[in-house]
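S.K.: Supplied in structure tokens, the structure appears directly below.
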Amino acid sequence: MMKTYTYQTLPAEPLADRKSRRPVVVAGAGPVGLTMALDLAVRGIPVLVLDDNNTVSVGSRGLCYAKRPLEIFDRLGCAAPMLEKGVSWKIGKIFRDTELVYQFDLLPEPGHQMPAFINLQQYHLEDMLIARARELGEGLQLHWKHKVVSVQDAGDHLRLGVEAPDGLFTLEAEWLIACDGAGSPIREMLGVPFTGRAFQDRFLIADVLMKAPFPAERWFWFDPPFHRNQSVLLHREADDVWRIDFQLGWDADPVEERKPERVLPRLRSMLGEDTAFELEWVSVYQFACRRLDRFRHGRVIFAGDSAHQVSPFGARGANTGVQDADNLAWKLALVLGGKAPEALLDSYDAERLVAADDNIGHSSRATDFITPKNAASRAFRDAVLRLARDHAFARPLINSGRLSTPTPYPGSPLNTPDTEPFAGRMRPGTNCSDAPVRAGGEDGWLLHQLQGDFVAMVLGGENASEDLDVDGVRCRVLRIGADVEDSEGLIAARYDLRPGTTYLIRPDQHVAARWRAFDTRAIAAALRRATARD
């Protein structure tokens with residue numbers, strides 16, 4: 001599928017005119033750049049998005065979107081069409097040869113609005129993000145076929161050279177967010193290299209249009225009879241499209257392997273000679289697990305694939321990039337609004353570098369399990385697969401790509417450490433768990449109540465009726481039992497609530513602090529710490 005967008009000129013304005021300076025320019029209109037722009041725009045920050053192309057992506061590419069990014073899209077007002085169009089799933093199955101050895105459930109507990117995953121082709125997702133961007137009007141400007149070709153640091157702003165069909169011009173920006181992909185030209189301009197591993201393994205992606213009885217599950221085969229000594233992955237997509245990944249090995253010729261005379265026999269061997277299908281898209285890829293040493297370089301901040309790269313196994317690329325945007329946007333909005341120092345942006349590095357290392361670690365281990373690099377690794381892998389059928393202890397050792405989950409920030413400088421014991425996983429630095437609520441006589445979800453501002457969530461809170469203002473930063477008070485009802489008791493269970501228990505929630509729905517009593521002075525101190533002002 002190929003959808004194009006209309007080119008519009010973005011004329012240069014006199015550099016002497018300070019009105020021409022843009023608060024934020026985002027380079028790249030892929031899923032991460034569009035999410036970043038939407039998040040800034042809904043927080044009232046004017047943002048300009050420049051993309052050197054004028055199309056959505058070709059082929060399914062990014063496909064699996066996890067629960068946490070879906071919650072972020074919901075906060076930004078664009079999850080509904082994704083859920084309607086996408087294929088929801090939560091069950092994964094692992095096969096060795098034709099035998100099922102293990103299956104897992106990615107959302108075993110009830111009481112969450114969002115599914116564990118949806119499968120949605122990247123071109124659909126991008127189109128939905130663009131539609132939402134257009135709803136926000138002049139606060140979010142999207143300009144196609146505009147490429148950033150130079151970046152000059154001018155102290156309190158940047159001068160960007162921009163190339164468009166009508167010519168080359170200069171644009172000023174206070175901040176540049178580089179979401180321009182794995183081959184990031186901006187990264188090359190700044191001379192900031194990646195560190196990490198490049199893998200030699202090659203894989204074939206085939207998007208196949210067919211009617212098939214397979215359920216909406218993730219199926220992964222080790223050494224199947226239709227593709228011996230290699231692995232195969234199957235996913236259902238929207239519109240009766242199926243994504244099939246074939247491991248090819250180190251020596252595969254990517255040009256030859258893309259040819260129909262090579263692809264079609266593989267598919268017929270897998271699907272059967274009588275299965276009717278059409279080949280919609282095919283690609284051969286290699287990958288790397290690597291990142292920048294830091295993501296902020298002065299007034300240029302990197303996010304998504306321009307900052308870090310992982311293997312596609314586990315759906316960690318776009319999902320973690322969307323969480324980059326979730327982490328950065330509220331911080332940049334406070335800095336631009338004069339409500340926090342620039343030092344707050346350093347916490348983006350502190351938190352998202354941890355997430356990048358977490359994802360790279362999982363991704364590297366998955367790749368080494370799927371494609372053993374020596375005889376000992378292969379012997380271990382094969383032993384695990386043999387044992388897993390009958391022995392539960394071996395099943396968690398199977399690694400066909402640990403699926404994307406949010407990375408907590410327990411060591412973040414923005415956290416206020418606990419001073420009292422709590423049960424459960426909702427410690428400072430963790431993203432908030434959803435739960436059903438009832439508010440205003442209607443059923444709803446907790447995460448809908450934890451949007452926009454800092455929120456002090458308290459059970460009861462008879463002495464906490466008014467919102468707080470801490471040096472111009474607003475903190476809403478949400479009283480569980482008064483403002484909203486804990487309709488199924490899951491908030492109390494998941495947050496270990498007792499009367500008076502209070503949580504300070506960040507604008508990106510992460511826990512900043514928690515106490516056993518509501519104390520405005522403690523909240524104010526924790527909020528100053530969470531905005532790098534203590």
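The values are calculated or read from the model by the stated rules, or taken from the named source; none is laboratory data. As the structure is a prediction and not an experimental result, all values here were calculated from the model. Please note: Cβ atoms are built from the backbone with ideal geometry, for glycine as well, and neighbour counts cover all protein chains shown.
S.K.: Does any residue of the range 59-66 turn out to be out of contact with any Leu (no Cβ under 6 Å at 6 or more places or on another chain), modelled with pLDDT under 95 and among the polar types (S, T, N, Q)?
M.R.: For the range 59-66, residues out of contact with any Leu (no Cβ under 6 Å at 6 or more places or on another chain), modelled with pLDDT under 95 and among the polar types (S, T, N, Q): present.
S.K.: Since D443 meets every condition but one in (1) surrounded by 15 or more Cβ atoms within 10 Å (Cβ to Cβ); (2) not in a loop (DSSP other than H, G, I, E, B), which condition does it not meet?
M.R.: (1)
S.K.: Report those helices (runs of 4 or more DSSP H) wholly inside the range 49-145 carrying at least 3 residues which are more than 18 Å from A325 (Cβ to Cβ) and either without any contact (Cβ under 8 Å) to a residue 60 or more places away in the chain or touching a strand residue (DSSP E or B) at 6+ places or on another chain (Cβ under 8 Å) (or both). Can you show your working first?
M.R.: Numbers: elements: 67-75, 79-85, 122-135.
Ranges flagged: 79-85.
S.K.: Inside the range 362-383, can you point out the residues that are surrounded by 12 or more Cβ atoms within 10 Å (Cβ to Cβ) and either acidic (D, E) or over 27 Å from R290 (Cβ atoms) (or both)? Steps first, answer last, please.
M.R.: At the first step, the residues of the range 362-383 found to be surrounded by 12 or more Cβ atoms within 10 Å (Cβ to Cβ) are 362-373, 377-378, 380-383.
Within the range 362-383, D368, D382, A383 meet the criteria.
S.K.: Another question, if that's okay. Looking at A303 and the list (1) modelled with pLDDT of 95 or more; (2) closer than 22 Å to V192 by Cβ; (3) out of contact with any Asp or Glu (no Cβ under 7 Å at 6 or more places or on another chain); (4) not basic (K, R), which single condition is not satisfied?
M.R.: Going through (1) modelled with pLDDT of 95 or more; (2) closer than 22 Å to V192 by Cβ; (3) out of contact with any Asp or Glu (no Cβ under 7 Å at 6 or more places or on another chain); (4) not basic (K, R) one by one, A303 breaks only (3).
S.K.: For A493, state whether it is small (G, A, S) and more than 24 Å from L76 (Cβ to Cβ). Break it down into steps so the answer makes sense when it comes.
M.R.: Working: small (G, A, S): yes; more than 24 Å from L76 (Cβ to Cβ): yes.
Taking the combined requirement at face value, the residue satisfies it.
S.K.: Checking K19 against (1) modelled with pLDDT of 90 or more; (2) part of a helix (DSSP H, G or I), which single condition isn't satisfied?
M.R.: Looking at each condition in turn, K19 falls short on (1).
S.K.: Just a yes or no: is a residue in the range 447-457 free of Cβ contacts under 8 Å to residues at least 24 places away in the same chain and in contact with a strand residue (DSSP E or B) (Cβ under 6 Å, 6 or more places away or on another chain)?
M.R.: Among the residues of the range 447-457, not one is free of Cβ contacts under 8 Å to residues at least 24 places away in the same chain and in contact with a strand residue (DSSP E or B) (Cβ under 6 Å, 6 or more places away or on another chain), which makes the answer no.
S.K.: Moving on to the next point. Yes or no: the range 457-467 includes at least one residue that is assigned by TED's automatic domain parsing to the domain that holds G481, at pLDDT 95 or above and touching a Lys or Arg at 6+ places or on another chain (Cβ under 7 Å).
M.R.: As a first pass, look at the range 457-467 and keep what is assigned by TED's automatic domain parsing to the domain that holds G481: 457-467.
Next, from what is left, pick out any that are at pLDDT 95 or above: 457-459.
Adding the requirement that they be touching a Lys or Arg at 6+ places or on another chain (Cβ under 7 Å) leaves 458-459.
Taking every residue of the range 457-467 in turn, at least one turns out to be assigned by TED's automatic domain parsing to the domain that holds G481, at pLDDT 95 or above and touching a Lys or Arg at 6+ places or on another chain (Cβ under 7 Å).
S.K.: Inside the range 480-504, can you point out the residues that are under 30 Å from the mean Cα position of the chain (by Cα) and either farther than 23 Å from P110 by Cβ or of a type in the set (A, V, I, L, M) (or both)?
M.R.: Listed by number, the residues that qualify are I480, V484, L490, I491, A492, A493, L497, T502, L504.
S.K.: Follow-up. Please work out which one of (1) surrounded by fewer than 18 Cβ atoms within 10 Å (Cβ to Cβ); (2) assigned to a loop (DSSP other than H, G, I, E, B) is the condition A340 fails and give its number.
M.R.: (1)
S.K.: Among A80, A131, which is the only one that is surrounded by fewer than 20 Cβ atoms within 10 Å (Cβ to Cβ), assigned by TED's automatic domain parsing to the domain that holds G183 and within 30 Å of Y495 (Cβ to Cβ)? Even if it seems obvious, please write down each step before you answer.
M.R.: On the way: A131 fails: within 30 Å of Y495 (Cβ to Cβ).
Matching residue, one of A80, A131: A80.
S.K.: Identify, please: which residue in the range 45-73 is surrounded by fewer than 23 Cβ atoms within 10 Å (Cβ to Cβ) and polar (S, T, N, Q) and is, among those, farthest from V24 (Cα to Cα)?
M.R.: Going through the qualifying residues, I end up with S57.
Every residue, every condition in (1) over 18 Å from the mean Cα position of the chain (by Cα); (2) closer than 23 Å to F117 by Cβ, yes or no:
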site	(1), (2)
R236	yes, yes
R243	yes, yes
L248	yes, no
S306	no, no
A315	no, yes
D324	no, yes
A329	no, no
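S.K.: Among the numbered conditions (1) within 21 Å of the chain's Cα centre (by Cα); (2) on the phi < 0 side of the Ramachandran plot, tell me where P108 comes up short.
M.R.: Status for P108: all satisfied but (1).
S.K.: Can you find, within the range 253-274, the residue that is farthest from K85 (Cα to Cα) among those that are in contact (Cβ under 8 Å) with a residue 40 or more places away in the chain and surrounded by fewer than 18 Cβ atoms within 10 Å (Cβ to Cβ)? Can you show your working first?
M.R.: Taking the range 253-274 first, the residues in contact (Cβ under 8 Å) with a residue 40 or more places away in the chain are 254, 257-258, 263, 266-267, 269-271.
Add one more test, that the residue is surrounded by fewer than 18 Cβ atoms within 10 Å (Cβ to Cβ), and what stays is 254, 258, 269.
Values: P254: 32, R258: 28, S269: 30 Å.
Per the stated criteria, the residue is P254.
S.K.: Separate question: What single numbered condition from (1) among the hydroxyl-bearing types (S, T, Y); (2) assigned to a loop (DSSP other than H, G, I, E, B); (3) under 17 Å from G452 (Cα atoms) fails to hold for Y503?
M.R.: (2)
S.K.: Right, here's the next one. What's the number of the only condition in (1) out of contact with any helix residue (DSSP H, G or I) (no Cβ under 6 Å at 6 or more places or on another chain); (2) part of a loop (DSSP other than H, G, I, E, B); (3) under 30 Å from R61 (Cα atoms) that G155 fails to meet?
M.R.: (3)
S.K.: For residues in the range 29-44 being under 30 Å from V473 (Cβ atoms) and touching a strand residue (DSSP E or B) at 6+ places or on another chain (Cβ under 6 Å), which is surrounded by the fewest Cβ atoms within 10 Å (Cβ to Cβ)?
M.R.: Pass one, the range 29-44, residues under 30 Å from V473 (Cβ atoms): 31-44.
Among the residues that remain, those that are also touching a strand residue (DSSP E or B) at 6+ places or on another chain (Cβ under 6 Å) are: 33, 36-37, 40-41.
Numbers: G33: 29, M36: 28, A37: 32, L40: 27, A41: 25.
Selected residue: A41.
S.K.: Quick one: is S433 farther than 17 Å from L353 by Cα, out of contact with any strand residue (DSSP E or B) (no Cβ under 9 Å at 6 or more places or on another chain) and in a loop (DSSP other than H, G, I, E, B)?
M.R.: yes
S.K.: A further question follows. In a loop (DSSP other than H, G, I, E, B) and surrounded by 15 or more Cβ atoms within 10 Å (Cβ to Cβ) - does that describe any residue in the range 466-480?
M.R.: Let us first name the residues in the range 466-480 that are in a loop (DSSP other than H, G, I, E, B), namely 466-467, 471-472.
Filter again for surrounded by 15 or more Cβ atoms within 10 Å (Cβ to Cβ), leaving none.
So far as the range 466-480 goes, no, none of its residues is in a loop (DSSP other than H, G, I, E, B) and surrounded by 15 or more Cβ atoms within 10 Å (Cβ to Cβ).
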